[in-house]
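Colleague: Please see the structure below; I have some questions.
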Amino acid sequence: MDAVRHFLAVFVLVVLPPGVFVWPVVHRFTRWWRKVGPVGTYLFLAAAWITLSTLLYQIRELLADRDFGTNWILIAISTVFFAGATALELRYWKYLSMPTLIGLPELSESAQRKGKLLREGIYGVVRHPRYLGEGLFLIGIALVSNYAGLYVFVVLLIPAGYVTLALEERELIERFGDAYRQYQREVPQIIPRFWRTL
């Protein structure tokens, strides 16, 4: 179990941080990335991601920091987070096309014009179920791994996620205008109202 926990901690700490910093750059400069086009953007992002992950791999033990050991109580608690993340995944996947899942509407003028504001199902309960689901999944992995560095990373994701969401919401207002502003007033951004029906 120790080897599995260590692998999870190192994998997350090496692979995910570049994504946390790459997507805000995409959302902040969407007009420029649209001029570059999807292929050029994805090639640049892949190169940046691989480079940053390679650098992080060199300091992986420093990043992981202290190992608190296998804790079966935390592993049991993590199942609640994994179940919540899975429930969200199953709910939002049926509304998203593959181009939307890979961010094509943000990068392509033609996809931008064809976009549709989702308000059905889970999107009627929370505006960003993907971010919520990924956050729950990451908390679950942190609890299973039980490494100090992963807990720090989860805490640091809160402000980073807030910035990313703010940039994405700005881009969505640009795309959908008053319809999105109305949606913002009616549906919470990331913490669902549990009394609403899924």
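Colleague: Can you say whether TRP23 is closer than 19 Å to GLY161 by Cα, in contact with a helix residue (DSSP H, G or I) (Cβ under 7 Å, 6 or more places away or on another chain) and either of a type in the set (S, T, N, Q) or in contact (Cβ under 8 Å) with a residue 60 or more places away in the chain (or both), as far as the supplied structure shows?
Modeller: Against the criterion (closer than 19 Å to GLY161 by Cα, in contact with a helix residue (DSSP H, G or I) (Cβ under 7 Å, 6 or more places away or on another chain) and either of a type in the set (S, T, N, Q) or in contact (Cβ under 8 Å) with a residue 60 or more places away in the chain (or both)), TRP23 qualifies.
Colleague: With the stretch 1-73 as the region, which helices (runs of 4 or more DSSP H) entirely inside it contain at least 2 residues that are of a type outside the set (Phe, Trp, Tyr) and farther than 20 Å from LEU172 by Cα?
Modeller: 2-28, 38-58, 60-64
Colleague: Restricting attention to the stretch 138-197, and to residues there that are closer than 17 Å to ILE122 by Cα and of a type in the set (Phe, Trp, Tyr), which single residue is farthest from the chain's Cα centre (by Cα)?
Modeller: Of everything passing the filter in the stretch 138-197, TRP195 is farthest from the chain's Cα centre (by Cα).
Colleague: Test LEU156 against the criterion of being touching a Lys or Arg at 6+ places or on another chain (Cβ under 8 Å) and assigned to a helix (DSSP H, G or I), and give yes or no.
Modeller: no
Colleague: Might you check whether a residue that is buried (at least 19 other Cβ atoms within 10 Å of the Cβ), among the hydrophobic types (A, V, I, L, M, F, W, C), at pLDDT 90 or above and part of a helix (DSSP H, G or I) occurs anywhere in the stretch 128-135?
Modeller: Yes, that holds for at least one residue.
Colleague: Could you say which residue among ALA9, ALA76, ALA3, ALA47 is modelled with pLDDT of 90 or more, among the small types (Gly, Ala, Ser), within 24 Å of THR164 (Cα to Cα) and more than 19 Å from the chain's Cα centre (by Cα)?
Modeller: After ruling out the rest, the residue left standing is ALA47.
Colleague: From the set of residues in the stretch 50-73 that are modelled with pLDDT under 95 and acidic (Asp, Glu), which is farthest from VAL154 (Cα to Cα)?
Modeller: GLU61
Colleague: Out of everything in the stretch 145-186 that is surrounded by 15 or more Cβ atoms within 10 Å (Cβ to Cβ) and charged (D, E, K, R), what residue ends up being nearest to ASP65 (Cα to Cα)?
Modeller: Looking at the filtered set, the residue picked out is GLU168.
Colleague: Which ones in the stretch 166-190 are assigned to a loop (DSSP other than H, G, I, E, B) and touching a Leu at 6+ places or on another chain (Cβ under 8 Å)?
Modeller: Those that are assigned to a loop (DSSP other than H, G, I, E, B) and touching a Leu at 6+ places or on another chain (Cβ under 8 Å): GLN189, ILE190.
Colleague: Any residue in the stretch 108-116 that is surrounded by 18 or more Cβ atoms within 10 Å (Cβ to Cβ) and assigned to a helix (DSSP H, G or I)?
Modeller: no
Colleague: Moving on. Which is in contact with a helix residue (DSSP H, G or I) (Cβ under 7 Å, 6 or more places away or on another chain) and of a type in the set (Val, Ile, Thr), of ILE190, ILE158?
Modeller: Exactly one of ILE190, ILE158 is in contact with a helix residue (DSSP H, G or I) (Cβ under 7 Å, 6 or more places away or on another chain) and of a type in the set (Val, Ile, Thr), namely ILE190.
The values are calculated or read from the model by the stated rules, or taken from the named source; none is laboratory data. What you are looking at is a predicted structure, and each value in this text was computed from that prediction instead of being measured. Because the Cβ atoms are built from the backbone with ideal geometry, glycine has one as well, and the counts that use them run over all protein chains shown.
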